[in-house]
Amino acid sequence: MENKNIDNVNNPNHYKLGCGIESIEIIKKVLGTQGFVGFCLGNILKYLIRAEKKNKLEDYKKAAKYLEWIIERDNGIEHHINIKEMEEELGVTWNKIISEIAKDLNVDDAVELDAIFRNIFDKNYEIAREILDDFIKEYGVDSNDWRRYKIL
């Protein structure tokens, strides 16, 4: 019987080549450390932005995986994102952007997601990863849901 436990986050079969190499290893070698960190940042932003429209929890976990790779490789590479400059270049405020990204989330989750983005922008990757890990653990649990509390 075929194993149905597919892990698209940590062990995606669709990126493995028959020779035992995973495509991410080729990407790391070709882009070098600085390029790979930029590649990871792009993927983190993509997964966080699309999560509620596509794969939800799986996309948040993928963002966390890319964040983990940045933390492992970050050696003072400069890539600070200035929110004001981004707003000017895009012609829209960050509050409007994050409101659109988080429109299907409850208020607490939306605030957490904003904190994840802001910590990534400020290059506080460890803090962003901690918030994202907590977000993933609590994802889909309504803070007003009485069933999540044990009755003694």
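Rundown of residues vs (1) touching a residue at least 40 places away in the same chain (Cβ under 8 Å); (2) charged (D, E, K, R), yes/no style:
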{"site": "D59", "(1), (2)": "no, yes"}
{"site": "I81", "(1), (2)": "yes, no"}
{"site": "I98", "(1), (2)": "no, no"}
{"site": "A102", "(1), (2)": "yes, no"}
{"site": "D108", "(1), (2)": "no, yes"}
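Would you confirm whether any residue within region 42-54 is more than 20 Å from K123 (Cα to Cα), loosely packed, with under 13 Cβ neighbours inside 10 Å and at pLDDT 75 or above?
Step one: filter region 42-54 for residues more than 20 Å from K123 (Cα to Cα), giving 50-54.
Within this subset, residues satisfying the condition of being loosely packed, with under 13 Cβ neighbours inside 10 Å are 53-54.
Those still in the list that are at pLDDT 75 or above too: 53-54.
Yes, some residue in region 42-54 is more than 20 Å from K123 (Cα to Cα), loosely packed, with under 13 Cβ neighbours inside 10 Å and at pLDDT 75 or above.
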Could you please give the count of residues in region 92-105 that are open to solvent by 70 Å² or more (accessible area, probe 1.4 Å) and over 19 Å from R50 (Cβ atoms)? 1
Looking at E68, E78, E138, can you tell me which residue is within 24 Å of I24 (Cα to Cα), at pLDDT below 90 and acidic (D, E)? E78
Residue check, P12 against (1) in contact with a helix residue (DSSP H, G or I) (Cβ under 6 Å, 6 or more places away or on another chain); (2) modelled with pLDDT under 90; (3) not aliphatic (A, V, I, L, M), all met but one. Which one? (1)
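The values are calculated or read from the model by the stated rules, or taken from the named source; none is laboratory data. Computed from a predicted structure; not experimentally measured. Because the Cβ atoms are built from the backbone with ideal geometry, glycine has one as well, and the counts that use them run over all protein chains shown. Please note that ligands, DNA and RNA were not included when accessible areas were found on the heavy atoms of the full protein model with its side chains. Shrake-Rupley method; radii C 1.70, N 1.55, O 1.52, S 1.80 Å.
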